[in-house]
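Comments concern the structure below.
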Amino acid sequence: MAILWKLLVLWLISTVATLVTAGEIKNVLLLLADDAGFEMGAYLNKYCQTPNLDKLARQGLLFNNAFTSVSSCSPSRAQILTGQVSHASGMYGLHQGVHNFNALPGTHSLPNVLREKSQGSILSGIIGKKHVGTGEDFKFDFEQTEEQHSINQIGRNITRMKLYAREFLKQAKAEAKPFFLMVSFHDPHRCGHITPQYGEFCERWGSGEIGMGSIPDWRPIYYDWRNFQVPPYLPDTDVVRQELAAQYMTMSRLDQGVGLMLKELQQMGFEDNTLVIFTSDNGPPFPLGRTNLYEHGIRSPFIMKSPLAKDRHLDTTGAMASLQDIFPTVLDVFHLNNDNSSASSLYSKSLLPLLQTEPPANEDDAVFGSHNYHEITMDYPMRSIRTRRYKLIHNLNYWSYFPIDQDFYTSPTFQQILNATLNHQQLPWYKNLLTYYQRPEWELYDIKADSLERFNLAEKPKYKEILQKLRQRLLQWQVDTKDPWRCAPHAVLQEQGVFKKNPVCLSLGHEAISKPLTRYEKYVLI
């Protein structure tokens, strides 16, 4: 009997030890950059120094096919927090100021869902740039954002951000609550059109230089632009190199901020049970970047680090992922059902299974894009589907010039492009301003063969079948997600009254404008 008792005790000890070793993910730390691209060593940039992000990538899973569904700040943040594309959440453009975009009433967001589903047992927090609005739709339990502070102090002052993170983690520990913490940096966003005295990217702000103030935890890194190799999508000029040097300086501040957050996590004893995610809301503010659905506008850096030894580390994935997937991933961590009523949820999924195994590659895997505005004056809605090989973009306002946002317009890079164009000077860039402004209704690119998206295949007979297939998939996605623009630009959506049960697209007669009007097509069904 004594032997059996000893064996039982040994079995219990062994079982408990196994459970402790196996561990469990109990918390989520989301680190979000503002307008960052692939300016880090982990993504093979050999100039920008980002040792903390590189270390995080080595310890975790690095994504090579992660995308935002919208290339604009507020809509992207709303996408992360709701799991919905912008035309579903109602966050069509920038929230602040005259732009005044807000999510539709009753929109479900992560902090609210976590609070309701856990009956307050999960603590939510946000530190840094929120940019999706006040009120009850995005209500975190702990908030230190631009709503309480100046944006630079709460988004670029990494020392102040560190102290608020410490305060939040102490609260989570004292209350013994699992947590979701979103640390939202303002780097490397431009600031030259508002505060040019601090540099185009606020790279001098807090640097310790005369009149710039200082951030105790920041060790500024100054880059020699003369040694840079310009990324191929940008004009190969010294002006661009100087801008990159400024951007890299703020990327290094962001990187040091990431290091501080991870250190706080470790010192508070949460490193072994917290899932860490790093990404950016959209691409960098350069031509073909932010506000575009081209690759450099929507392709996102993405790192996911699990604390569990059994999960994938020092590994990469080619799986197609969207920032919309963060919403169901966080719910999955907390074992909560994703009963988001939005049809957008049909096209998002938890990324946790990727920590276990790499799924079989399927050429038809796809992510979708929905961009409507950035600033209120930038009326240029676009939709896209991106598979592993092809991308199709539908420009709904293609007869208009592509709009330019304010901070990019005043940037040295755009001013050089503009002045060279006005003065009929050559510019070492594979694009020109006219082709940048004037875009066809449909753009089809073979990304594997043409990563710079130089050759539009939409009118090529060889790609007719591919074009048709992608158009059908894109339209089906618009119908499934109840896109208000799904009939644009050649028809008007009618879905009320007699059309409530069977919505239709009613023709605007565009086809008749260029030829005699001899026959009128009354209805064009979706």
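Accessible area per residue for the chain is 44 Å², calculated with a 1.4 Å probe on protein heavy atoms, without ligands, DNA or RNA. Put simply, the amide H of THR316, placed in the peptide plane, has neighbours under 5 Å in LEU62, leaving out anything fewer than 5 places away on its chain.
In the chain, if the dipole is taken from +1 on Lys/Arg beta carbons and -1 on Asp/Glu beta carbons about the Cα centre, which of GLY128, GLN267, TYR198 is farthest to the positive end? Selected residue: GLN267. For the chain, the Cys residues with no second cysteine's beta carbon closer than 4.7 Å are CYS48, CYS73.
Estimated from helices alone, the mean residue ellipticity of the chain at 222 nm is -9000 deg cm²/dmol (sum of -39500 (n - 2.57) over DSSP H runs with n ≥ 4, per residue). Here the range 27-371 has 50 percent of its accessible surface on carbon and sulfur atoms, given a 1.4 Å probe and all protein chains in place. Over every Cα atom in the chain, the radius of gyration and the widest Cα-Cα span, Dmax, amount to 24.4, 101 Å. Positive-end ranking of HIS424, GLY318, PRO360 along the dipole of the chain, with charges on Cβ about the Cα centre, is headed by PRO360.
Hey, what did the range 27-371 get for relative contact order, percent, Cα under 8 Å, at least 6 apart? Present the calculation step by step, with values, prior to reporting the outcome.
Details: 729 pairs, mean separation 106.9, N = 345.
About 31 percent, as a whole number.
Between amide H atoms placed 1.01 Å from N, distances below 5 Å from MET40 occur with ASN45, all of them 5 or more places distant or on a separate chain. Accessible surface ranking for ILE303, ILE25, 1.4 angstrom probe, highest first: ILE25, ILE303.
Residue ranges 374-383, 466-475 sort as 374-383, 466-475 when ordered by packing (mean number of other C-beta atoms within 10 Å per residue, highest first). When nucleic acids and ligands are ignored and a 1.4 Å probe is applied, VAL333 ends up with an accessible area of around 10 Å².
In order along the range 212-228, the phi-based Karplus estimate (6.51 cos²θ - 1.76 cosθ + 1.60, θ = phi - 60°) of 3J(HN,Hα) comes to 9, x, 9, 10, x, 8, 9, 10, x, 10, 9, 9, 8, 4, 5, 9, 6 Hz; Gly and Pro are listed as x.
Cross-link partners for LYS310 among the lysines, with Cα-Cα distance under 21 Å and sequence neighbours closer than 8 places in the same chain left out: LYS26, LYS55. Rounded to the nearest 20, the size of the Cβ-charge dipole of the chain about its Cα centre is 780 debye, with Lys and Arg at +1 and Asp and Glu at -1.
In a fully extended conformation the segment linking TYR409 and LEU44 would gain 128.5 nm over its present Cα-Cα distance, using 0.36 nm per residue. When both the range 217-280 and the range 412-454 are represented by their alpha-carbon centers, they are found 27 Å apart. Once both labels are positioned 7 Å from their Cα atoms along Cα-to-Cβ, the gap between ALA176 and ASN362 label points is 4.4 nm. Ordering SER300, ASN52, ALA33 by the projection of their Cα atoms onto the charge dipole of the range 27-371, which places +1 on the Cβ of Lys and Arg and -1 on the Cβ of Asp and Glu, puts ASN52 at the extreme positive end. When HIS424, HIS186, HIS490 are compared by accessible area at a 1.4 angstrom probe, the order from most to least is HIS424, HIS490, HIS186. Length gained on full extension, GLU495 to LYS482: 3.6 nm, using 0.36 nm per residue less the C-alpha separation.
Across the range 126-138, computed HN-Hα scalar couplings (Karplus, 6.51 cos²θ - 1.76 cosθ + 1.60, θ = phi - 60°) run 9, 10, x, 7, 8, 6, 10, x, 8, x, 8, 5, 10 Hz from first to last residue, x flagging Gly and Pro.
Ligands, DNA and RNA excluded, the heavy atoms of GLU116 present near 120 Å² of accessible surface to a 1.4 Å solvent probe.
TRP399 sits among other residues whose Cβ lies under 11 Å from its own Cβ, and their net charge, with Lys and Arg +1 and Asp and Glu -1, is 0. The label point for THR195 and the one for LEU336, both projected 7 Å from the Cα toward the Cβ, are 3.4 nm apart.
Simple spin-label estimate for SER451 and LEU508 gives 3.8 nm between the two label positions (7 Å along the Cα-to-Cβ direction from each Cα).
Here the ratio of the Cα radius of gyration of the range 315-466 to 2.2 N^0.38 Å is 1.31.
The values are calculated or read from the model by the stated rules, or taken from the named source; none is laboratory data. What you see is a predicted model, and the numbers here were worked out from it, not measured in a lab. Glycine gets a Cβ as well: all are built from the backbone with ideal geometry, and neighbour counts include every protein chain shown. The protein model used for the area step is the full one, side chains on, heavy atoms only, and it has no ligands, DNA or RNA in it. Shrake-Rupley method; radii C 1.70, N 1.55, O 1.52, S 1.80 Å.
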